[in-house]
Amino acid sequence: MSKLKHTLPIAAAAIVLTAAGIAGPTFIQAESVAASKATSTTSSANAEAPGAKNPTKLLKLLGERIQAKDIDGIIALHEKHAAIVDYDGSIVRGHKKIRAFYIEWFKLNPVLTVNPLQTVVAGGEKQADGKVRNRTAAIMGTYSLAQDAADGTRESFTGNFCDTVEEQPDGTWLYVQDNPYPPHGDSTATHH
């Protein structure tokens, strides 16, 4: 894949969101490629962990799993037919293709700085127990990324992201769409 196709699943890295989302940007550095190969082929203890009970926790889990290069854990945070919008406008859809995307991206030794700015939760249906379930949330913010280029130098990118997550019937949240380029082709995103 070209360097443009590896720029990033933003949500993916997006977000070690604890209080850091309020305090300022969050840094995420993926570990070595060797660690990636080990975690991408083994089952993840994190994949078995209880799900996120809100969008903020989902972002935190995703950030932790990206930092650990825990491919199985990352996949567990996505709906079966989730999608990533790639730099060229193509769509990476479904667990199998998202897994392949992350394996390739981690080879570039990415370091991501994310500044989540807003999460908007809407929709849903009131359940018999009085709780509202099946809500959707948009998570928006800015990022900067440094990663290895094909020629061995480091390259940098900045931009905006807008991700969509959805509450499941059991009250946990999963990624539906990871979009680091809203709207696609936005002239404010810079790539150098």
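Throughout, read-outs are computed from the coordinates displayed, never taken from laboratory work. Every value quoted in this text rests on a predicted model; they were computed, and no experiment measured them. With ideal geometry, Cβ positions are generated from the backbone for all residues, glycine too; neighbour counts draw on all protein chains shown.
General remarks:
- Residues with amide H under 5 Å from that of Asn54, placed H, sequence gap 5 or more: Trp173
- What the phi angles of the range 97-113 give under the Karplus curve with 6.51, -1.76 and 1.60, with θ = phi - 60°, is a coupling list of 6, 5, 4, 4, 4, 5, 4, 5, 4, 5, 5, 8, 6, x, 10, 10, 10 Hz, glycine and proline written as x.
- Over all other residues within a Cβ to Cβ distance under 13 Å of Gly171, the charged ones net out to 0, with Lys and Arg as +1 and Asp and Glu as -1.
- If the chain linking Gln168 and Val111 were pulled fully straight, counting 0.36 nm for each residue of separation and taking away their Cα-Cα distance, it would gain 17.5 nm.
- Between the amide H of Tyr181 and those of Cys162, distances stay under 5 Å, these residues lying 5 or more places away or on another chain, with hydrogens modeled in the peptide plane.
- In terms of packing, defined here as the mean over residues of other Cβ atoms within 10 angstrom, the peptides 88-99, 133-144 line up highest first as 133-144, 88-99.
- Cross-link pairs exceeding 18 Å in C-alpha to C-alpha distance, out of Lys80/Lys107; Lys69/Lys97; Lys53/Lys131; Lys60/Lys107, comprise Lys80/Lys107; Lys60/Lys107.
- Simple spin-label estimate for Ala128 and Ala149 gives 6.1 nm between the two label positions (7 Å along the Cα-to-Cβ direction from each Cα).
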